[in-house]
Amino acid sequence: MNIMAVKIASGEEIVAEVIEQLDGSIQCRRPRVVQMMQTQQGVGAGLVPYIMSAPDATIPINPDCIVAKVKVGSQIERAYTQEVSGLDLTTKF
């Protein structure tokens, strides 16, 4: 999977599987927004569906709205994969 973070002009940071890039726009499968939220350990970042009524949608992002896009680190990639697949990827020894 090609998991990327895209910062858009509205300030939202979207994490998604990028499935194709056409004319500067990108097609994002199962997009999630990074949001700060309360956790048992205090305040942390969480991933919530970009479109709540269609969490598994594939959406285009207009290139005029893209401020930056980067490949995510392994920790965010693991969290995203766990969020969209329902798999528990925590390591227990």
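One residue alone among Ala45, Ala5, Ala9 is at pLDDT 95 or above, of a type outside the set (S, T, N, Q) and surrounded by 11 or more Cβ atoms within 10 Å (Cβ to Cβ), and that residue is Ala5. With respect to the conditions (1) open to solvent by 60 Å² or more (accessible area, probe 1.4 Å); (2) of a type outside the set (Ser, Thr, Tyr); (3) within 21 Å of Glu83 (Cα to Cα); (4) at pLDDT below 90, Asp23 lacks only one, and its number is (3).
Cβ-Cβ contacts under 7 Å between residues 6 or more apart (or on different chains), taken from a first residue in region 60-89 that is at negative phi and open to solvent by 50 Å² or more (accessible area, probe 1.4 Å) to a second residue that is polar (S, T, N, Q) and in a strand (DSSP E or B), are listed as Pro60/Ser25; Pro60/Gln27; Asn62/Ser25; Pro63/Ser25.
The values are calculated or read from the model by the stated rules, or taken from the named source; none is laboratory data. Just so it is clear, the model here is predicted, and its values are computed rather than measured. Glycine gets a Cβ as well: all are built from the backbone with ideal geometry, and neighbour counts include every protein chain shown. Note: areas computed on protein heavy atoms with side chains; ligands, DNA, RNA excluded. Shrake-Rupley method; radii C 1.70, N 1.55, O 1.52, S 1.80 Å.
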